[in-house]
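What follows is one structure encoded as structure tokens, with my remarks underneath.
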Amino acid sequence: MENVENKQVLENPNDQNLDSLFVPVKIDETESEHIAAEPYSYWKAVMRTFIKRPAAIFGTISFTILILAIIIIPFFAPEGYDASNTALIHAAPSAERIWGSDLMGRDLFFICFVGLRKSLWLALISSAINIVVGTLLGLAWGYFKKLDRIMIEVYNLISNVPSLLLYMLLAFILANSFPEMPSEAKLIISLTCTGWLGIALFVRNQTLIITNREYNVASITLGTPAFRIMMKNLLPYLLPIIITQLSLLIPGMISSEVSLSYFGVGLPVTTVSVGAVLNNGIAQFTLYPWELLWPAAVLAFVIFTFYLIGLALSDAMDPKKHR
Amino acid sequence: MDTTLKQENKFLVALKKVGRAFKNQTFLYIVKRVLSSLFTLVLLVALVTALIRLLPDTKFYDVATYKKIAGTSKVMANRWRSMQLFLAGRADANGNPVPVLYSIGRYILNILPYYKTIPQSWTDYSCTTVLESWTGFVYLGYSKSMSSYVTNVIASRMGISFRISLYTIIFSYLFAVPLGIAMAKKPGGTVDKIGNVFIVLNYAIPGLVFYLVMWDVLGNANGAFGWANFGLAYDETRPLTLVPPIFCIVFLGIPGISIWVRRFMIDELSSDYVKFARSKGLSENRIMYTHVLRNAMVPLVRNIPATFLGAIIGSYYVEKIWTIPGTGLLLVKALQGVTPDIDLIEGLTVIYAAISMVSFLLGDLITILFDPRIKLESN
């Protein structure tokens, strides 16, 4: 019987008796404007995801150790640690010189960390130049369809010229035309003369994928200037990928410095930098293995740190993982 | 009467076949790619020749020797210098400088594939050694430092580099692909974690240092670790001595492959067809090996021709440290000798560029074979 009654009530929603069952809700203007969900902030979400990754924790810890080491250790360097000392040439590790001495009798421990400071600076500057030039050219390359044919040809050409030939030529031209230029500036020019190409190609491929999305088509239809579209529509989308690339590029630049030194077109052998110190060690490895192994350990630690951070960043900066 | 008709028909059929081939998109695409690669190659030759021209004349003769001869006779010294420059292709037989455009044009004619004869010439200053005339299709020049034609130099050294690289590729894929699959099976699981730690640590090792340490451990009796010497220094007659260099390259090469296998497989695992297969009750292994792997391999397969053809180039560090007479050493030797060996530099550049262009084309073609969804368009 009850079922039948209910049915009747449902069939007659306008029944006057029902009004007493409902209490009207008070309308509160401020309450209705309040959004209970936490506002989504991209960078906050990145931070939240980042600190949860084990790679990020290890990476941040080792990065802190690295930065502290290259700031603090040079302060404790004794007098004449980087002066050649004939009495201490190839001295084995001892209490006085914990990592031993190199082929010029310099203190290997302090040389490694002072050199690392210089190498990191050089790597940072050349990576930054590569990233900025590569991103801007890559954006233009991907956005303007007419540029594509020419740039692909340029890419094919330059990537096929042996890099050692280019470096030798550059070293020669710079030595002749600018004799007073510091060798560090020459190294940065060598590292950046073709380094931007790879990044430009990478940015171009990403740009091609997103230029035909609706929001970009809308901007183009509304007559937004190309430069504004690149800066406001494309660049923010690409920024996470570019930052990840930067963190992977820095150790790559240090490795390039090492191989440039190996082929004799890098910094002079007497310079205090990771590349120069490591290459001195390579020549002495058979008889004095510590001269290679300690700088190699420092280099491995740097690559390890940046690789971990890059790995964690690439995960954290992906908006799909922000849930 | 009958026979001529048949012949005509045959001719018409052949003509139609050719016509169909020209309508075929893939064929048109290949023709277009080959032509544009040839164009790039010609531009590359021009660029490299011009770049080498930027090197100063003093790089091509020994200044000390010049001064020594000039001490006795200035005329003799100048004659000696112009002869050196002639051998380097910078001056003609009378000592007049050769224009850059002329050398570029001559080199392009030399590498264009048509049947030609290069006339005989002298290879040294005193004109005692005669270089026989050369006939063939692609002339890459004569290497002065190796005293042989560039094609012969590369052909004689290619074998060992190619053999090492072949084993390296086979073993890298043999170890890296299963590792990637095992890691992708349970993202975040124990295997995945161990694999990730291995990859990160492996990436951190500087390659050159690793090769040197391995050489001292396994091959060098007089090295830092001579007490642990295994006597595996490279020896042509003992194939076993190739194991350590191959191990080195494979070990350092595994992460680069595994990490991509893992990533592509994880990307595929979230797609609809996998969910469908799972809901139909297929076993996890069946899904992994017959459905996911096949799709995940598409982007990886594209690189295989590049890896195989790149094998001819060889690895500089490995060949240098293990003293293996392969092609990897040639370019550095040509660039860093007493005088740069121009013909060898240019020849190697052309060959490497041709290899990379061919392997990209082959990569694209293999991708079509693997993935019927992808189609090439000539425009």
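The values are calculated or read from the model by the stated rules, or taken from the named source; none is laboratory data. Keep in mind that what you see is a predicted model, and the values were worked out from it rather than measured. Every residue, glycine as well, gets a Cβ built from its backbone with ideal geometry; the counts of neighbours run over all protein chains shown.
Report yes if B:I259 is within 12 Å of chain A (Cβ to nearest Cβ), under 17 Å from A:L311 (Cα atoms) and modelled with pLDDT of 85 or more, otherwise no.
Considered against the rule, which asks whether it is within 12 Å of chain A (Cβ to nearest Cβ), under 17 Å from A:L311 (Cα atoms) and modelled with pLDDT of 85 or more, B:I259 comes out as yes.
Tell me the residue from B:F39, B:F27 that is modelled with pLDDT of 85 or more and among the aromatic types (F, W, Y), please.
Of the residues listed, the single one that is modelled with pLDDT of 85 or more and among the aromatic types (F, W, Y) is B:F39.
Within the stretch A:139-161, restricting attention to residues that are under 22 Å from the mean Cα position of the chain (by Cα) and among the aliphatic types (A, V, I, L, M), the residue that is farthest from the other protein chains (Cβ to nearest Cβ) is A:L139.
Among the residues making up the stretch B:244-281, those that are of a type in the set (V, I, T) and within 22 Å of the chain's Cα centre (by Cα) are B:I246, B:I249, B:V250, B:I254, B:I257. For the stretch B:182-192, the set of residues classified as assigned to a loop (DSSP other than H, G, I, E, B) and free of Cβ contacts under 8 Å to residues at least 12 places away in the same chain consists of B:K186, B:G188, B:G189, listed by residue number.
Surrounded by fewer than 18 Cβ atoms within 10 Å (Cβ to Cβ), β-branched (V, I, T) and either touching a residue at least 40 places away in the same chain (Cβ under 8 Å) or more than 14 Å from chain A (Cβ to nearest Cβ) (or both): does that describe B:V153? Against the criterion (surrounded by fewer than 18 Cβ atoms within 10 Å (Cβ to Cβ), β-branched (V, I, T) and either touching a residue at least 40 places away in the same chain (Cβ under 8 Å) or more than 14 Å from chain A (Cβ to nearest Cβ) (or both)), B:V153 does not qualify.
Looking across the stretch B:58-74, the residues that are within 22 Å of B:V98 (Cβ to Cβ) and either surrounded by 13 or more Cβ atoms within 10 Å (Cβ to Cβ) or away from every other protein chain (no Cβ under 12 Å) (or both) come down to B:K59, B:F60, B:Y61, B:D62, B:V63, B:Y66. Of all residues in the stretch A:241-264, which are surrounded by 17 or more Cβ atoms within 10 Å (Cβ to Cβ) and part of a loop (DSSP other than H, G, I, E, B)? A:F263, the sole residue that qualifies.
Would you confirm, using the coordinates I've provided, whether B:G180 is surrounded by 20 or more Cβ atoms within 10 Å (Cβ to Cβ) and closer than 28 Å to A:P54 by Cα?
Working: surrounded by 20 or more Cβ atoms within 10 Å (Cβ to Cβ): yes; closer than 28 Å to A:P54 by Cα: yes.
For B:G180, the condition - surrounded by 20 or more Cβ atoms within 10 Å (Cβ to Cβ) and closer than 28 Å to A:P54 by Cα - is met.
Quick check, is B:P340 under 30 Å from B:L87 (Cα atoms), assigned to a loop (DSSP other than H, G, I, E, B), of a type outside the set (S, T, N, Q) and in contact with an Asp or Glu (Cβ under 9 Å, 6 or more places away or on another chain)? Considered against the rule, which asks whether it is under 30 Å from B:L87 (Cα atoms), assigned to a loop (DSSP other than H, G, I, E, B), of a type outside the set (S, T, N, Q) and in contact with an Asp or Glu (Cβ under 9 Å, 6 or more places away or on another chain), B:P340 comes out as no. When A:L136, A:L174, A:L187, A:L164 are screened for being closer than 22 Å to A:Y262 by Cα, away from every other protein chain (no Cβ under 14 Å) and of a type in the set (A, V, I, L, M), only A:L187 passes. Scanning the stretch B:193-212 for residues that are assigned to a helix (DSSP H, G or I), without any contact (Cβ under 8 Å) to a residue 12 or more places away in the chain and buried (at least 16 other Cβ atoms within 10 Å of the Cβ) yields B:V200, B:A204, B:V209. Would you mind stating whether A:L166 is under 16 Å from B:L47 (Cβ atoms) and part of a helix (DSSP H, G or I)? Yes, satisfied.
Out of the stretch B:303-329, which residues are over 17 Å from B:A354 (Cα atoms) and either among the hydrophobic types (A, V, I, L, M, F, W, C) or assigned to a loop (DSSP other than H, G, I, E, B) (or both)?
B:S315, B:V318, B:I321, B:W322, B:T323, B:I324, B:P325, B:G326, B:L329, listed by residue number.
Return yes or no: is B:A334 surrounded by 17 or more Cβ atoms within 10 Å (Cβ to Cβ), under 20 Å from B:L28 (Cα atoms) and either in contact (Cβ under 8 Å) with a residue 60 or more places away in the chain or away from chain A (no Cβ under 13 Å) (or both)? So B:A334 does not fit the description; no. Which of (1) in contact (Cβ under 8 Å) with a residue 12 or more places away in the chain; (2) away from chain B (no Cβ under 14 Å); (3) surrounded by fewer than 21 Cβ atoms within 10 Å (Cβ to Cβ) does A:L267 not meet, given it meets every other one? The number of the failed condition is (3).
Candidates in the stretch A:296-310 are the residues that are facing another protein chain (nearest Cβ under 7 Å) and not aliphatic (A, V, I, L, M); of these, the one that is nearest to A:S247 (Cα to Cα) is A:Y307. Considering (1) buried (at least 21 other Cβ atoms within 10 Å of the Cβ); (2) out of contact with any strand residue (DSSP E or B) (no Cβ under 6 Å at 6 or more places or on another chain); (3) part of a helix (DSSP H, G or I), the lone condition that B:L369 does not fulfil carries the number (1). Regarding B:S165, is this residue under 25 Å from B:P245 (Cβ atoms) and either part of a helix (DSSP H, G or I) or at pLDDT 90 or above (or both)? Yes.
Listed here are the residues, each with its yes/no results for (1) at pLDDT 85 or above; (2) under 30 Å from A:P236 (Cβ atoms); (3) out of contact with any His (no Cβ under 9 Å at 6 or more places or on another chain); (4) buried (at least 19 other Cβ atoms within 10 Å of the Cβ).
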position: A:I67; (1), (2), (3), (4): yes, yes, yes, no
position: A:I72; (1), (2), (3), (4): yes, no, yes, no
position: A:T86; (1), (2), (3), (4): no, no, yes, no
position: A:I98; (1), (2), (3), (4): no, no, yes, no
position: A:F113; (1), (2), (3), (4): yes, no, yes, yes
position: A:L116; (1), (2), (3), (4): yes, no, yes, yes
position: A:A140; (1), (2), (3), (4): yes, yes, yes, no
position: A:F144; (1), (2), (3), (4): yes, yes, yes, no
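Residues in the stretch A:71-127 that are of a type in the set (G, A, S) and within 29 Å of the chain's Cα centre (by Cα): A:G115, A:S119, A:A123, A:S126, A:S127. Residue check: A:T286 meets all listed conditions (1) in contact (Cβ under 8 Å) with a residue 12 or more places away in the chain; (2) farther than 20 Å from A:T64 by Cα; (3) within 9 Å of chain B (Cβ to nearest Cβ) but one, namely (1). Among the residues of the stretch B:221-236, is any away from chain A (no Cβ under 11 Å) and modelled with pLDDT of 85 or more? No: the stretch B:221-236 contains no residue that is away from chain A (no Cβ under 11 Å) and modelled with pLDDT of 85 or more. For A:A175, the conditions (1) within 30 Å of A:R213 (Cα to Cα); (2) among the small types (G, A, S); (3) surrounded by fewer than 20 Cβ atoms within 10 Å (Cβ to Cβ) all hold with the exception of (1).
Look at the stretch B:11-32: where a residue is under 22 Å from B:I368 (Cβ atoms) and a partner is at pLDDT 75 or above, sitting 6+ places away or on another chain with Cβ atoms under 6 Å, you get B:A21/B:F27. Can you tell me how many residues within the stretch B:30-57 are more than 9 Å from chain A (Cβ to nearest Cβ), within 15 Å of B:L348 (Cα to Cα) and crowded, with 17+ Cβ neighbours inside 10 Å? Qualifying residue count for the region: 3. Kindly indicate whether B:V350 is modelled with pLDDT of 85 or more, surrounded by fewer than 17 Cβ atoms within 10 Å (Cβ to Cβ) and under 20 Å from the mean Cα position of the chain (by Cα). Here the answer is no, as B:V350 does not meet what is asked. All of (1) surrounded by fewer than 16 Cβ atoms within 10 Å (Cβ to Cβ); (2) closer than 21 Å to A:Y307 by Cα hold for A:L238 with one exception: (1).
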